[in-house]
Structures are given as C-alpha cells and as structure tokens.
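S.K.: One structure follows; several queries about it will come next.
The values are calculated or read from the model by the stated rules, or taken from the named source; none is laboratory data. Remember, it's a predicted structure, so these values are computed and weren't measured experimentally. Every residue, glycine among them, receives a Cβ derived from its backbone with ideal geometry; neighbour counts consider all protein chains shown.
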Amino acid sequence: MQEIQQVSKDFFALSPEEKEVNKIKPGTSVGYGRLFETGKTVANWVDRITIWSYGEQSRAEPCMPPKPERFRQVVDEYSEAVVKLCMRLIETLSTTLGLEPHILGEHINVKTVGLRTSFNYYPPCPQPELVLGIMPHADTSFVTVLQQDETPGLEIEKDGQWILVPPVKDAFVVNIGDLLQIVSNGKYRSVMHRVLVNNTVGRYSFPNFFMPPKETVIQPVKELLSETNPPLYRSLKFAEYISGFYVKPLTGRRLIDSFLLTPSES
Ligand code: OGA
Ligand code: NI
C-alpha cells in the first residue's frame, strides 16, 4: 500500500506531457484524464489515471504509464493481492446472502473477473465549496476495494444524507458496486458516493474495481429467486451496462435503475 502511494506521487509529479502519454480515448475507461465530462458539466477536481491492473483486459490493453519505471512492478504485486482479497469477499458475500460460499463466485465466473485500478490525486482547491473531487455516482463493479490516504474527502449517501468515511490507517474501504446489486437481486445496494476537496492538502486515493470481461452476462443468482422473490433486473451484458456509464455526465441518477424489469417511479 505504501509503495502504491509512492509510485503515484512520482507519477503525478511528472510534467503534463509525460502524464498524457496514455490519454483516455473516447469510449474507453482506461488512460490518463477525467471521465464523465461533456464540457457542459462542472469539472471534477481531480488528476487521474486508470489502468487494467489484473486479468484478461490487463494483458490486452493495460494502459500502464511508462513512467515511473517501478510503476508496473508495484502494481502487479499489489493487484494480485487485491484480487485475492476480492475472491474472499465474494465467498463471504455469498454466505451472507444465505448461499453456499462457492455459489456467488460460480455465478459471476469469478476466475475471469479482473481489476481496474484508478490513481486519483485531488489537488488543494482555492474555493473547494464550488467543486467536487468526483460527482455522486455508484461504481460499475461487483465490489470496489479503495485505498485512501490520511486526508478525509470520501462521502457516502445514507438515508438522503452525505456521511464522511474517515480514513483508517492501513485499511481498505469496501464499496458495493452496481453489479453486486443486480446479481444479489437487490439484497445488496450499491453505495452512492462522492468526493470533497479542501484548500490546504492534496489527497490521494486508489479504488480497485473488481469487474468482469465485457461479454459477461449479468443477472440475478437463480438460487435467490422464487415466486415471492422474482427477478428485479433483466439480464444484460456488462458491455451494455458500461456503455451507458461513460456517455452521460454524472448526475446522481442511478444508472442501474434503467435495468429494472418494473421501472421505478422516481
Ligand atoms: C472513484 C471514487 C473515491 C475516492 O474513483 O470511483 O469513488 O475516495 N473514488 O477518491
Ligand atoms: Ni467511485
């Protein structure tokens, strides 16, 4: 965790030209630069690079920055450990859904699930009340394992209120993502969250998104369904879900609601 922090500091200290070597290409989710922006929205106050850090996509298009030199080696070791943790989380979540430990993992074909990692640096902002580091959203993952530094900023929404998630040294924050909401048929809810910035200290954070390959079909686990618990979500390809995510600016609306079988009124 410390080394990830260090190589990220080294990366963000590079010149703009060096950081832009792997600029985000339209329609993809990896590379250097901000997502979700259309020119009409308020900018997210963040310097950011996203890579595929583990799995099939990481072999095909990792988008690793060439500098700093140690970046790749540190990320390889880190992502392997984070994936192991995600595998354990999926087993535990299976149990807490009332299923045998292996059922959820089999359903999502857990061995094919990869990791996308973002490296965020939120610089101090002279007027922090006018911006957000990242606008409200839910993650596009099954689960997200987030490393944050000692500077507060992350808030989650609960009962219509924004609540700060205080940093805990050497601990990860685990967020439930939209895909777990679908496969658990709504038993687990993905968490809406946003990031505040401040005018004195910069903040680093590293979310690891545990996500399947594009062709994977996402649908509720059949063992959870019954006459009294019918499927809430239609089945969809991950590619279909993700294509809806990046075309729209973040408005705080829940993308996942567009896959409900019975659309909600709100
Ligand atoms: C994200 C995110 C939270 C943070 O990048 O999706 O929610 O604490 N980051 O920076
Ligand atoms: Ni997020």
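S.K.: For Gly98, work out the one condition from (1) within 10 Å of ligand 1 (Cβ to nearest atom); (2) of a type outside the set (Asp, Glu); (3) farther than 29 Å from Phe12 by Cβ it doesn't fulfil.
M.R.: Among (1) within 10 Å of ligand 1 (Cβ to nearest atom); (2) of a type outside the set (Asp, Glu); (3) farther than 29 Å from Phe12 by Cβ, the lone unmet condition for Gly98 is (1).
S.K.: Next question. Out of the range 190-210, which residues are within 11 Å of ligand 2 (Cβ to nearest atom) and assigned to a loop (DSSP other than H, G, I, E, B)?
M.R.: Once the filter is applied, which keeps residues that are within 11 Å of ligand 2 (Cβ to nearest atom) and assigned to a loop (DSSP other than H, G, I, E, B), the range 190-210 yields Ser190, Val191, Met192.
S.K.: If you don't mind, there's one more thing I want to ask. Restricting to the range 154-169, what's the tally of residues that are surrounded by 13 or more Cβ atoms within 10 Å (Cβ to Cβ) and under 25 Å from Leu89 (Cα atoms)?
M.R.: Within the range 154-169, residues that are surrounded by 13 or more Cβ atoms within 10 Å (Cβ to Cβ) and under 25 Å from Leu89 (Cα atoms) number 6.
S.K.: Please pick out the residue among Asp170, Asp149 that is more than 12 Å from ligand 1 (Cβ to nearest atom) and among the acidic types (Asp, Glu).
M.R.: Just a single option satisfies the conditions, and that option is Asp170.
S.K.: Also, I was wondering about something else. Filter the range 113-129 for residues that are in contact (Cβ under 8 Å) with a residue 24 or more places away in the chain and more than 14 Å from ligand 1 (Cβ to nearest atom); which is surrounded by the fewest Cβ atoms within 10 Å (Cβ to Cβ)?
M.R.: Per the criteria, the residue is Pro126.
S.K.: Another question about this same structure. Within the range 130-146, restricting attention to residues that are within 9 Å of ligand 1 (Cβ to nearest atom) and in a strand (DSSP E or B), which residue is farthest from Arg72 (Cα to Cα)?
M.R.: By that ranking, first place goes to His137.
S.K.: While we're here: Considering only the range 123-142, I want to know if a residue exists there that is closer than 26 Å to Pro230 by Cα and at pLDDT 95 or above.
M.R.: Yes.
S.K.: To continue, here is another question. Filter the range 106-123 down to the residues that are in a loop (DSSP other than H, G, I, E, B) and over 18 Å from Phe11 (Cβ atoms) and list them by number.
M.R.: Ile108, Asn109, Val113
S.K.: Scan the range 171-189 for residues that are in a loop (DSSP other than H, G, I, E, B) and either at pLDDT below 95 or more than 17 Å from Asn208 (Cβ to Cβ) (or both) and report the count.
M.R.: 6
S.K.: Still on this structure: How many residues, within the range 147-165, are outside any strand (DSSP E or B) and under 26 Å from Ile4 (Cβ atoms)?
M.R.: Of the residues in that region, 6 qualify.
S.K.: Against the conditions (1) more than 12 Å from ligand 1 (Cβ to nearest atom); (2) without any contact (Cβ under 8 Å) to a residue 40 or more places away in the chain, where does Leu164 fall short? Just the number, please.
M.R.: Tallying (1) more than 12 Å from ligand 1 (Cβ to nearest atom); (2) without any contact (Cβ under 8 Å) to a residue 40 or more places away in the chain, Leu164 fails exactly one: (1).
S.K.: Additional query: Can you name every residue in the range 234-266 that is outside any loop (DSSP other than H, G, I, E, B), at pLDDT 90 or above and touching a Phe, Trp or Tyr at 6+ places or on another chain (Cβ under 8 Å)?
M.R.: If the condition is that a residue be outside any loop (DSSP other than H, G, I, E, B), at pLDDT 90 or above and touching a Phe, Trp or Tyr at 6+ places or on another chain (Cβ under 8 Å), then Leu236 is the only one that fits.
S.K.: Look at the range 103-119 and say how many of its residues are within 12 Å of ligand 2 (Cβ to nearest atom) and over 19 Å from Glu77 (Cα atoms).
M.R.: 0
S.K.: Here's a follow-up. Out of curiosity, is Pro231 at pLDDT 95 or above and within 16 Å of ligand 1 (Cβ to nearest atom)?
M.R.: When the stated conditions are applied, Pro231 does not pass them.
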